[in-house]
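Below is one structure, written out as structure tokens, with a few remarks after it.
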Amino acid sequence: MKAVDLQERLESVRPPEPGPRSAPASSGRQRWPLPAQLLSLCACVALWWFSVSWIRVGTLDDYGLLPVFPLSFFAALALLVASFVAAVCAPRPSELVLAGHALALIVFLYGTMPLLFAEPFYPWVYKHFGVVEYIDLHGRLDSSVDIYQNWPAFFTLSAWFGRVAGTRPLEYGAWAQVFFNACNLVLLRYVFGALSRDLRLIWIAVFVFFSANWVAQDYFSPQAFAFTLSLGLCGLILRWLLIAADRAWMARWLNRVAAFIARLGRRRRSGADPEDEPAGSQRVGRRAARNIAIALFALIVTTHQLTPYMLLVGLGVLTFLGVVRPRLLVVLFTAMALGYLLPRLDFIQRYYGLLGSAGEPLQNVRSAAVGFNGLAGEPGRVLCAHAARLLSLTIWGLGLVGVIRRLRAGYKNLGIAALAVAPAFIALAETYGGEAIYRVYLFSLPWFALLAAFALRPGGDDWSWVRTVPRLLLPLALVLALFVPAFFGMAATNEVRPGEVAASQYFYDHAPPRSLLMIASPQFPVRLAGNYEQFRLTIGEADPSLLTVKPSLRHKMLGDRHVPVIAQAMRDYAGGEPAFLAVSRNAKVTSQVLDMLPRGSLDELERALSRSRRFHVWYRNADTTIFQLVQARPARDPSNGAGSR
């Protein structure tokens, strides 16, 4: 069966061919030959490498890495943006060069921290390491341990990879962001190529995506793996499983309503271009694509809890518009997701309260950095939060401008606009521990990036420097300038020091089974060993933190008079089992930056615990001290009474 142009399938997002005007379009362009483009890209990489090699990270403050970066690092980013714009404006842009700029951007933004720090970033990622180690140690899963082993696909694949490669996640996990984003680059090219033949537009959208992805959901985690899979699934659906919008009465009717309201429709496309007909329009190709899509969705369902429903909302919108075939695909996907969830629903509801936040959509806004509640804490944290807000609003604003520009030109963006706003419905139903807003932003970002590329594209296919510099260079530089504080500004709270990893590993190697490890404040690498299930766990949202168990201790200068309160809280929580309290350097920084405790409060508490008879030092290094609560059954110290190391 003959198919219609794919761009026509999704509301004609590609502009018409420029016709006779296209011939002289390059006459006003400045020549930027391919060797010059490659030389410029190499200069950017060399300047970045020179900058990173001279960085010496000491103690970070509330501004994160911003004061640490030399001016040459920011110059490398600025030069990369200028070089990318120059490559876009070339008479015949090279896709290899454009892809090289996007890959360089990924390395600059996500490869800097693995080079600067000895341990993987983000304390919560170490829980994922522990699940992989558990599977490698035991060779099986136990769904009663935690939520990760109920959605085990990512961890199982990681354990298999570790055995084949002879490595551990602690050794390669720091580079997960670079790996996942490199995969996303390829898949975004595949997705955007289904929606436009304009090479410049495609790579502008890719560049915008990575410049605006500040939410840091691409570390070593199931959600990062599931998001990458979801991009591949979207590419399959957009390239192989759509029909022409003119054959879908709902999409056709809504397009006419939109055109009527906006007083548009002056310019209409003449018809499908035979050169645009994709090979996937054939019946055999559609059947194969459908089967691959089902397999991908099954893998996503067993990988992450929220991602399948993000995809179902977007697919449901396209099915409602009538442009997806088969129509029952969304029904099958829904049955797969619910069929996997229902046997685990009691576990989720008992420990995580899946339905507890339903009807509280504003909770996502209150608990997120992009929220509109008043911010407290150190000035650097406030700066980072405002940069994240402004960056998000900038992307959303550019996307809106892109929709308006396309509508005013007489073309419809209903499909892309619907995909961009569809993930927001998830935030109305579930807070996901306050993180749903981040997932909403991430899953809407590809479509907003493409709409932003429409907004930044110069009119009349005129890519001359006079038209392009103010329209493209300055907005891209602004987006990247906001990304830097939004992403790197919280490095002080996300850093994990070698001594903290060593202390955590020591605990799981030497503490008695069923022991409780309470952390002074959030952000400590817990559960990183393969035997973590033998210890006292909080299966819900977070591991036991002193400031969570006893919120009355917040905003106080802790000292000797608080030690009995802490001892009793730990004794009650441990239920008679050995109890330990970890006070780490990251805990001190986090409690200060997030305005949990006054400056120096945990230092005073550490000295008070050292003097108290209720606690004794069980382990100590330069970054962490672990105190054991003295009770009827003290733990045997493997160092033969030394008490510290």
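Values for this structure:
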read-out: Which numbered condition residue 147 fails, given (1) touching a His at 6+ places or on another chain (Cβ under 9 Å); (2) open to solvent by 10 Å² or more (accessible area, probe 1.4 Å); value: (1)
read-out: Leading residue by the ranking (nearest to residue 236 (Cα to Cα)) among those in the range 338-351 that are surrounded by 15 or more Cβ atoms within 10 Å (Cβ to Cβ) and without any contact (Cβ under 8 Å) to a residue 40 or more places away in the chain; value: 340
read-out: Unique residue being farther than 21 Å from residue 307 by Cβ, in contact (Cβ under 8 Å) with a residue 40 or more places away in the chain and open to solvent by 10 Å² or more (accessible area, probe 1.4 Å) when the list is 200, 163; value: 200
read-out: Lone unmet requirement of (1) open to solvent by 60 Å² or more (accessible area, probe 1.4 Å); (2) free of Cβ contacts under 8 Å to residues at least 40 places away in the same chain for residue 569; value: (1)
read-out: Hey, residue 129 modelled with pLDDT of 95 or more, open to solvent by less than 20 Å² (accessible area, probe 1.4 Å) and over 30 Å from residue 396 (Cβ atoms) or not; value: yes
read-out: Hits in the range 437-460 - residues which are outside any helix (DSSP H, G or I) and free of Cβ contacts under 8 Å to residues at least 60 places away in the same chain; value: 458
read-out: Filtered residue count, the range 188-202, keeping only those that are under 15 Å from residue 447 (Cβ atoms) and either over 24 Å from the mean Cα position of the chain (by Cα) or acidic (Asp, Glu) (or both); value: 1
read-out: Meets criteria (at pLDDT 90 or above, over 34 Å from the mean Cα position of the chain (by Cα) and open to solvent by 10 Å² or more (accessible area, probe 1.4 Å)) for residue 585; value: no
read-out: Of the criteria (1) closer than 28 Å to residue 589 by Cβ; (2) open to solvent by 30 Å² or more (accessible area, probe 1.4 Å); (3) at pLDDT 90 or above; (4) in contact with a helix residue (DSSP H, G or I) (Cβ under 8 Å, 6 or more places away or on another chain), which one residue 387 fails; value: (2)
read-out: Residue in the range 320-330 that is in a helix (DSSP H, G or I), at pLDDT below 95 and farther than 24 Å from residue 419 by Cβ present; value: no
read-out: The range 292-333, residues that are open to solvent by 50 Å² or more (accessible area, probe 1.4 Å) and either of a type in the set (A, V, I, L, M) or within 24 Å of the chain's Cα centre (by Cα) (or both); value: 292, 295, 299, 309, 328, 331, 332
read-out: Qualifying residue in the range 414-422 (condition: farther than 18 Å from residue 191 by Cα and either among the hydrophobic types (A, V, I, L, M, F, W, C) or touching a Ser or Thr at 6+ places or on another chain (Cβ under 8 Å) (or both)); value: no
read-out: Flag if residue 414 is modelled with pLDDT of 90 or more and open to solvent by 30 Å² or more (accessible area, probe 1.4 Å); value: no
read-out: Test for residue 68: is it over 23 Å from the mean Cα position of the chain (by Cα), under 18 Å from residue 37 (Cα atoms) and not polar (S, T, N, Q); value: no
read-out: Index of the failed condition, residue 142 passing every other in (1) touching a helix residue (DSSP H, G or I) at 6+ places or on another chain (Cβ under 8 Å); (2) assigned to a helix (DSSP H, G or I); (3) not small (Gly, Ala, Ser); value: (2)
read-out: Selected residue [open to solvent by 20 Å² or more (accessible area, probe 1.4 Å) and either under 20 Å from residue 588 (Cβ atoms) or more than 27 Å from the chain's Cα centre (by Cα) (or both)] from 522, 544, 475; value: 522
read-out: Residue 237 being modelled with pLDDT of 85 or more, out of contact with any helix residue (DSSP H, G or I) (no Cβ under 6 Å at 6 or more places or on another chain) and in a helix (DSSP H, G or I); value: yes
read-out: Matching residues, the range 53-90, being open to solvent by 10 Å² or more (accessible area, probe 1.4 Å), more than 21 Å from residue 469 (Cα to Cα) and assigned to a helix (DSSP H, G or I); value: 53, 71, 72
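The values are calculated or read from the model by the stated rules, or taken from the named source; none is laboratory data. It should be emphasised that the depicted structure is a prediction, and the values quoted were computed from it without experimental measurement. When we count neighbours, we look across all protein chains shown, and the Cβ atoms used for this are built from the backbone with ideal geometry, even at glycine. Only protein heavy atoms, including side chains, enter the accessible area calculation; ligands, DNA and RNA are left aside. Shrake-Rupley method; radii C 1.70, N 1.55, O 1.52, S 1.80 Å.
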